[in-house]
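Report on the structure given below.
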Amino acid sequence: MGKTLQRGNNLTNKRVAIGSLGGTITMTASSTDSGVRPTLGAADLVSATPQLAEVATVSSTTLLRLPGASLTMTHLRDVLDWAQQSVDDGHDGVVLVQGTDTIEETSYFFDLHWDRRQPLIVTGAMRQPEAPSSDGPANLVSAVLVAADDASRGRGVLVVLNDQVHAASRVRKARASGVNAFESPSFGPLAYIEENRVVFGNTIDRMPPLPSPGPAGAAQVALLGASLGDRGELLQLAMDAEFDGAVIEGFGVGHVSEAFADVIAEAAKSRPIVLCSRTGSGTTFEKTYGFNGSESDLLARGAIGAGWLDGRKARILLCCLLAYGYGINSIRDEFRKRGQPFGGQG
């Protein structure tokens, strides 16, 4: 890698803490099992990637050995505490390694609460270490490179995969497999890794962080996607089961059937019902369509527009706000601000 890593400041003098949660990047197969499972720890990942020594002085901690699908809010609270303490102990940045299945959700949870200027980077791998073309080592080196770069400071939580740097509030896993699985719809990545340099060409204005995470598991929020012929039966079941709120992934810019709209209107009388687009790209509208079940109809009947947030991120935000005891007006205000692409402007 060589001298190009220096960028005017000696990155090798930077200290970066690496915490491993598990995921494909840590998975190996046993002689008796054809499927891979998370077995490697953080120290194993570091020892298998000697190029890290050219980027920063790294420390490694194995926090969990789980697939991304098994992570919980309780895990995330503990991981956030560890990352904050790592910075307070003098590290210049933190890298979290985890399964890619839930990176778009976990990274947004961290970003909502990250109150340090030091960068917090989330990365992983789409191919296990034993694969001939495993992407884990390259992603780990890139993540540490971004964590050690002064240009990353103040940008909150970043997701680094496949030589791209994404904002946690925008990134989405858009393909089930392949190293190009992640993208940031509508606005694109914030930066690229080019010749072992971090090149920022995009930006995002961050909102102030939320309070420290509330009680784990205190809020139950349903995530439901509208589909052809949907009359809102699943939302009604969620309300009957006393869910605290729901996020509805509507058609297009935020539409549902007329029958579904009636269920949303009734549910919104007592609980926050957030409306986003099932497309995963673009924003919900406010006043273009006027039919029953349109975005303007649903907003008039009490639904909360998610703006540019997709359904998964909207659910994370609503879970957190409910856990903190936010009332409906405060929830509406937070979505108005955080659903904008540039820090609540406009």
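If you take the alpha carbon radius of gyration of segment 283-346 and divide it by 2.2 N^0.38 Å, what ratio comes out, to two decimals?
Working: Rg = 12.0 Å, N = 64, 2.2 N^0.38 = 10.7 Å.
With N residues counted in segment 283-346, Rg over 2.2 N^0.38 Å equals 1.12.
Largest first, what is the accessible-area ranking of R172, R271 with a 1.4 Å probe?
On the way: R172 35, R271 60 Å².
Ranking R172, R271 by accessible area, largest first, yields R271, R172.
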Between segment 131-173 and segment 301-326, the alpha-carbon center distance in angstrom: 26
GluC sites (Glu not before Pro) within segment 149-212, DSSP loop, no more than 12 other Cβ atoms inside 10 Å: E195
Accessible area (Å², 1.4 Å probe, nearest 10) - L80: 0
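Students often get this wrong, so check it: of K269/K337; K14/K313; K14/K337, which have C-alpha atoms separated by over 29 Å? Each step should come with its number before you reach the end.
Values: K269/K337 22 Å; K14/K313 32 Å; K14/K337 35 Å.
Distance filter (> 29 Å) returns K14/K313; K14/K337.
Taking the solvent-accessible surface of protein heavy atoms with a 1.4 Å probe, what is the per residue accessible area of segment 256-346 in Å²? Don't skip to the end; give the middle numbers.
Details: 3920 Å² over 91 residues.
Dividing the accessible area of segment 256-346 by its residue count gives 43 Å².
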Accessible surface of the chain, 1.4 Å probe, proportion on carbon and sulfur as whole %: 47
In segment 79-138, trypsin sites (Lys or Arg not before Pro) in a DSSP loop with at most 16 other beta-carbon atoms within 10 Å: R117
Loop-exposed chymotrypsin sites (Phe, Trp or Tyr not before Pro) per DSSP, neighbour cap 13 Cβ within 10 angstrom, longest uninterrupted part of the chain: 1-290
DSSP-assigned coil residues among trypsin sites (Lys or Arg not before Pro) in segment 237-302, each with at most 10 further Cβ atoms within 10 Å: K269, K287
Value in Å of the Kirkwood radius, where segment 145-262 supplies the Cα pairs that are averaged: 17.6
Orientation-averaged projected area, Cα convex hull of the chain (nm²): 17.9
Pairs of Cα atoms farther than 24 Å apart, segment 84-186, %: 18
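Restricting everything to alpha-carbon atoms, can you work out Rg to Rh for segment 38-150 with a Kirkwood hydrodynamic radius? Numbers along the way, then the final one.
Values: Rg = 13.4 Å, Rh = 14.4 Å.
Computed over Cα atoms, the ratio is 0.93.
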M27 accessible area, assembled protein chains, probe 1.4 Å, Å²: 20
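The values are calculated or read from the model by the stated rules, or taken from the named source; none is laboratory data. Since the model is a prediction, treat every value here as computed from it, not as a measurement. Glycine gets a Cβ as well: all are built from the backbone with ideal geometry, and neighbour counts include every protein chain shown. When the accessible area is computed, the model is the full protein with side chains, heavy atoms only, and any ligands, DNA or RNA have been set aside. Shrake-Rupley method; radii C 1.70, N 1.55, O 1.52, S 1.80 Å.
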